[in-house]
Amino acid sequence: MYFKSIAHQMNVGELLNKVGNEKTSLDYASAIYLLSIPGIYSKTNNHISEHGIDFEAIKAGGYSDSQTFLVNVAMQLFYGRGDVRLADIAYLDEASVKAFMQAMAIKANNDIKIG
């Protein structure tokens, strides 16, 4: 699995543990994967718990264009809502494009090699 950094990998593990194994569906896993990216994680980790993901609070985080795109994708992957414009992928650097693709693979339950 592709991670942008060791911190990203550690953040994913922390948030998956926080929500609990019974909630670790493909919806949760793909959203948490994106919300764990350093830079996004610092604004989202307090809004993820065993009770779920509070996207309303997360949306108020104040993000860069690329982070906003990834947060919106996470929301779309989680419950089919979110203002995702695929043209905004142009805001992403190469590592973020790989992370985007990895999140798609997680949601599709596909072990595609990214990176």
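Before moving on, here are some points about what is shown:
- Candidate set from the range 79-100 (those that are surrounded by 15 or more Cβ atoms within 10 Å (Cβ to Cβ) and part of a loop (DSSP other than H, G, I, E, B)); member that is modelled with the highest pLDDT: Leu92
- Of Tyr33, Tyr28, all but one fail to be farther than 18 Å from Lys4 by Cβ, in a helix (DSSP H, G or I), aromatic (Phe, Trp, Tyr) and within 10 Å of the chain's Cα centre (by Cα); the exception is Tyr28.
- The set of residues from the range 1-25 being part of a helix (DSSP H, G or I) and among the aliphatic types (A, V, I, L, M) comprises Ile6, Ala7, Met10, Val12, Leu15, Leu16, Val19.
- In the range 75-115, the residues that are more than 19 Å from Tyr28 (Cβ to Cβ) and within 13 Å of the chain's Cα centre (by Cα): Ser96, Val97, Lys98
- Residues in the range 1-43 that are among the charged types (D, E, K, R) and surrounded by fewer than 16 Cβ atoms within 10 Å (Cβ to Cβ) were compared, and the one that is farthest from Asn110 (Cα to Cα) is Lys18.
The values are calculated or read from the model by the stated rules, or taken from the named source; none is laboratory data. A quick note: this is a predicted structure, and the numbers were derived from the prediction, not measured. All Cβ positions, glycine included, derive from the backbone under ideal geometry; neighbour counts span all protein chains shown.
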